[in-house]
Every structure is written in structure tokens, then in C-alpha cells.
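Taking it in order: structure first as C-alpha cells, then the write-up.
The values are calculated or read from the model by the stated rules, or taken from the named source; none is laboratory data. The structure displayed is predicted, hence computed values, not measured ones. Methodologically, a virtual Cβ is constructed for each residue, glycine included, from the backbone with ideal geometry; neighbour enumeration extends over all protein chains shown.
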Amino acid sequence: MSHAAPLKGVRVLDLTNVLAGPFAAYQLALLGADVIKVETPDGGDLARQLGADPGLNKRHLGASFLAQNAGKRSIAIDLKHQEGRAVFLDLVRTADALVENFRPGVMARLKLGWDELRAIRPDLVYCAISGFGQDGDLKHNPAYDQIVQGMSGVMAITGTPETTPLRAGYPVADTTGGITAAFAIAAALFDRARGGGGRFIDVSMLEATLVTLGWPVSNYLTADALARPMGNDNMTAAPSGAFRASDKPINIAANKQQQFEALCDAIGRPELARDPRFAEREARKQNRAALTAEIERALGTQPADHWVALFNKRGIPCGPVLSLPEAIALAEAQTGDLLHAFPAMPDGEARRLRVLRSGFRYSGERPDIDRPPPRLNQHAEDILGELGYDQDRIAALRAAKAVG
């Protein structure tokens with residue numbers, strides 16, 4: 001087995017939609033799991049219709065769907081149909097894990113909840129992702145990333161005093177919920193391999209996001225200090241934030257005393273390190289605006305690339321502020337394997353499809369996927385055949401519209 005495919009041989013049923021759940025299951029697919037995407041026959045995952053390319057959306061291969069569904073197989077099953085439900089239960093008998101992101105209670109009403117499924121697969125790892133968890137007064141509230149960002153406190157500390165509340169520029173709550181779920185599922189599978197049995201995992205996007213606010217939460221609970229929106233500045237140190245060079249901004253994080261002193265020397269202003277307003281860490285934080293003005297006065301004499309090269313050479317943490325295309329190009333230039341390129345789109349269109357691989361390696365080998373995101377119901381016949389269904393039964397299921 002490849003070191004980069006530790007979940008090879010593990011079967012995961014992915015009943016999820018849009019982002020948090022599909023992203024969780026995608027992490028497991030990258031690690032080698034056989035992820036079967038169980039979709040509704042009437043359109044499947046809503047993300048199939050979401051993305052910046054209207055043509056792809058119409059073909060139910062939206063760019064948003066393509067982002068986190070490579071490596072999976074798709075089968076469309078009507079879980080409300082008696083025969084469809086029977087097919088799904090046969091799939092559960094072969095599964096190691098299941099992940100869903102319906103509102104709490106939906107699977108139970110279908111008689112496909114944790115209690116029903118563990119009766120036929122006692123060692124099943126069942127993960128339910130929802131906005132606010134399976135318990136509490138909020139459990140039935142609909143939740144999207146925007147809602148959770150606002151309720152978690154993220155928006156209240158993002159932006160500047162003039163622009164707050166401000167959402168993060170990508171679905172951070174959905175993505176955090178997905179990573180949390182993938183981590184919990186992998187841990188439960190590891191425990192099961194040691195004899196731990198099945199497990200029900202309850203992932204709340206609200207709680208998962210709040211957990212990532214460790215520093216702001218700790219400062220409030222321990223020191224009664226509320227985080228406040230500070231734009232690009234770092235609350236823990238100065239100079240630490242975005243600073244304007246002659247052409248564009250750069251990020252500097254001179255958080256240590258020696259880094260600050262090296263910065264002052266590098267910009268030709270060594271006297272700043274002796275100025276009582278800036279000489280010590282707390283003084284610099286209190287006089288942040290004045291320090292920024294002094295630094296930017298010096299930075300304005302040269303372009304960003306000059307300062308980035310100089311500062312990094314002298315051990316001063318610094319980097320450019322890149323656009324998304326620039327960031328992708330930089331990552332690819334460093335390793336050359338962050339993106340997986342398929343020769344064509346899943347529907348055969350000639351344009352090349354590229355998706356992100358995992359952000360880590362096992363012993364130098366990056367986890368990867370071997371198939372593009374699936375068309376809706378693309379693998380139904382193969383999956384049903386693996387369950388032992390013959391062609392007559394498959395045809396009857398399709399005629400009854402129990403499967404796609």
C-alpha cells in the first residue's frame with residue numbers, strides 16, 4: 001500500500017451537499033478511501049449547479065462541485081423509495097463510514113439514522129455535520145457559511161473599525177467544519193481498527209469554527225480582553241501586518257526583538273530601535289500607528305520585491321501580498337505537485353480540469369486521487385454490481401425510479 005493512501009480499502013458513503021460534507025469526504029478520498037457519493041436522482045449535489053461558469057452549471061458539473069469531489073464515485077438513489085432504501089441499506093452493510101449533512105432528524109425520519117444503521121452495521125463510523133449540532137435550541141435552524149461566520153464571532157473581529165463586521169473572503173466555516181469532520185472520522189476509523197467499534201460523530205460548524213479562534217477566546221476567558229477588528233495588523237506584536245512599499249503592499253512580521261532591530265537596520269533607520277516609543281514590545285504596540293508611518297516612509301523608496309528579498313535574506317519574516325493566481329503559481333513553482341491535472345472535463349469536454357491535492361505529504365509522497373469528479377449516477381451500475389445485483393434487477397430498480 002502506498003504510504004500516501006492509508007485509507008485504501010476503507011469505504012465511505014458520502015450523502016452530503018455543497019461544501020462542508022463534500023470537503024470532508026474529499027479529504028478521505030485523497031487518503032485512498034473508496035468514497036461513494038450517494039445523491040438524489042433529481043439533480044444530485046446542489047454544488048453541481050454552483051460556480052462561475054454557467055455552462056458547467058447547466059451540465060451539473062459546476063466549478064464549486066469540481067473543487068471537492070474528485071476521486072469519488074456517484075450513484076443516485078431515492079432514499080424515500082422503498083426499493084431505493086433497500087439498496088442504500090445494502091450499501092451500508094459494505095461501508096466503514098458514512099457522512100451526512102442533513103438537518104438533525106432528517107435521516108431518523110427516513111428510518112436511516114444512527115440507531116437504524118448501526119443495527120445492520122455495528123462498527124459503522126457515522127458522522128453528522130450540521131450548522132449547530134444535533135442538540136440544543138438552534139439545531140433545526142438552517143445554516144450556511146455566512147450565518148456561521150456571523151454567529152461564531154469571526155465577522156466581529158475581521159476588517160477594520162470602519163468596515164467590521166466583515167466576512168472572510170472564502171467559506172471558512174464550511175471548510176473548517178469539513179476538516180474537523182475528516183479528522184474525527186479518521187480518528188474513529190483508527191480507533192475501530194484497534195477494536196473500538198462503531199461511533200456517532202456530531203460535528204457542529206459553529207463549534208468547529210469557534211474552536212479555531214483559540215487565541216481570541218483565550219484572551220477573553222483568561223485576560224478579559226476582547227479581540228477587536230484591526231485590519232491587517234497583528235494584535236500580538238508590532239510591526240506585524242501589511243505595509244506599503246513604493247508599488248504594492250508587503251507583509252512583515254517582525255515579532256521578536258531581534259527581528260525588529262534587524263528590520264530597522266535593513267531599512268536604514270537603526271535609530272528607531274532606540275526610540276523610547278518603539279524600543280520595547282509593549283511600547284511598539286501602543287505606538288503602532290507612528291511606527292507604521294516611519295517604516296512606510298522608508299519602504300516607499302523601493303518596490304516590494306526589493307524589500308521581500310532583502311528582509312528574508314536577513315531573517316526578517318516577510319512576504320508579498322499575492323492574488324489567487326499568483327499564489328497558485330508560487331505554490332506550483334515550489335513543489336510542482338499541488339495540483340492534479342486531468343486531461344479533460346468529466347463530461348469529455350476538451351478543456352483541462354485541475355483540482356487541488358492535499359496540503360501535506362507522507363514520506364515525500366503527496367496523497368492523490370485517480371479519477372475526476374463524477375457525473376451524476378456515473379458509477380451506479382458498477383456499484384450495484386459490487387453488491388451482487390444482476391442486470392435484470394438493476395433494470396427493474398431503474399424502471400421503478402428507485403435508482404437513477
Notebook entry, point to check: Is at least one residue of segment 209-219 touching a strand residue (DSSP E or B) at 6+ places or on another chain (Cβ under 8 Å) and modelled with pLDDT of 95 or more?
Noted result: no
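Give segment 220-234 a look and list any residue that's assigned to a helix (DSSP H, G or I) and either under 27 Å from the mean Cα position of the chain (by Cα) or touching a residue at least 24 places away in the same chain (Cβ under 8 Å) (or both), or say none.
Initial filter on segment 220-234 (assigned to a helix (DSSP H, G or I)): 220-223.
Answer for segment 220-234, where residues must be assigned to a helix (DSSP H, G or I) and either under 27 Å from the mean Cα position of the chain (by Cα) or touching a residue at least 24 places away in the same chain (Cβ under 8 Å) (or both): just TYR220.
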Next item on the list: Would you mention how many residues in segment 16-34 are within 12 Å of LYS72 (Cβ to Cβ) and assigned to a loop (DSSP other than H, G, I, E, B)?
Entry: 2
Next item on the list: Give ALA187, ALA193, ALA181 a once-over and let me know the one that is within 30 Å of PRO6 (Cα to Cα), surrounded by 15 or more Cβ atoms within 10 Å (Cβ to Cβ), of a type in the set (Gly, Ala, Ser) and in the same structural domain as LEU124 (by TED's automatic domain parsing).
Entry: ALA181
Checklist line | Qualifying position, being without any contact (Cβ under 8 Å) to a residue 12 or more places away in the chain and farther than 26 Å from ALA24 by Cα, among ALA350, ALA329, ALA304 | finding: ALA350
Margin query: Which of the numbered conditions does SER358 fail, given that it passes all the others? Conditions: (1) assigned by TED's automatic domain parsing to the domain that holds ALA70; (2) surrounded by 12 or more Cβ atoms within 10 Å (Cβ to Cβ); (3) more than 19 Å from the chain's Cα centre (by Cα); (4) not basic (Lys, Arg).
Written below: (3)
Next item on the list: Could you tell me whether GLY315 is more than 23 Å from LYS72 (Cβ to Cβ) and part of a strand (DSSP E or B)?
Entry: no
Notebook entry, point to check: When you scan segment 321-356, how many residues do you find that are under 21 Å from HIS60 (Cβ atoms) and among the charged types (D, E, K, R)?
Noted result: 5
Check: Out of (1) within 30 Å of ALA298 (Cα to Cα); (2) surrounded by 17 or more Cβ atoms within 10 Å (Cβ to Cβ); (3) in contact with a helix residue (DSSP H, G or I) (Cβ under 6 Å, 6 or more places away or on another chain); (4) at pLDDT 95 or above, the odd one out for ARG199 is which?
Finding: (1)
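Among ASP224, ASP233, ASP202, which is the only one that is among the charged types (D, E, K, R), in contact with a strand residue (DSSP E or B) (Cβ under 9 Å, 6 or more places away or on another chain) and under 30 Å from ILE252 (Cα atoms)?
Answer to the selection: ASP233.
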Checklist line | Residues being in the same structural domain as LEU138 (by TED's automatic domain parsing) and either of a type in the set (Asp, Glu) or over 23 Å from the mean Cα position of the chain (by Cα) (or both) - total across segment 200-219 | finding: 2
Next item on the list: Output the residue which, of all residues in segment 83-118 that are part of a loop (DSSP other than H, G, I, E, B), of a type outside the set (A, V, I, L, M, F, W, C) and closer than 28 Å to TYR144 by Cβ, is farthest from the chain's Cα centre (by Cα).
Entry: LYS111
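Do we find a residue being in a helix (DSSP H, G or I) and surrounded by 21 or more Cβ atoms within 10 Å (Cβ to Cβ) anywhere in segment 68-82?
Taking every residue of segment 68-82 in turn, none turns out to be in a helix (DSSP H, G or I) and surrounded by 21 or more Cβ atoms within 10 Å (Cβ to Cβ).
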Next item on the list: For segment 287-302, indicate whether the set of residues that are modelled with pLDDT of 95 or more, within 34 Å of the chain's Cα centre (by Cα), outside any loop (DSSP other than H, G, I, E, B) and basic (Lys, Arg) is non-empty.
Entry: yes
Next item on the list: Report, by residue number, each residue of segment 122-152 that is assigned to a helix (DSSP H, G or I), crowded, with 18+ Cβ neighbours inside 10 Å and among the aliphatic types (A, V, I, L, M).
Entry: VAL148, MET151
Checklist line | Within segment 235-284, tally of residues that are in contact with a Pro (Cβ under 9 Å, 6 or more places away or on another chain), assigned to a helix (DSSP H, G or I) and either basic (Lys, Arg) or loosely packed, with under 14 Cβ neighbours inside 10 Å (or both) | finding: 1
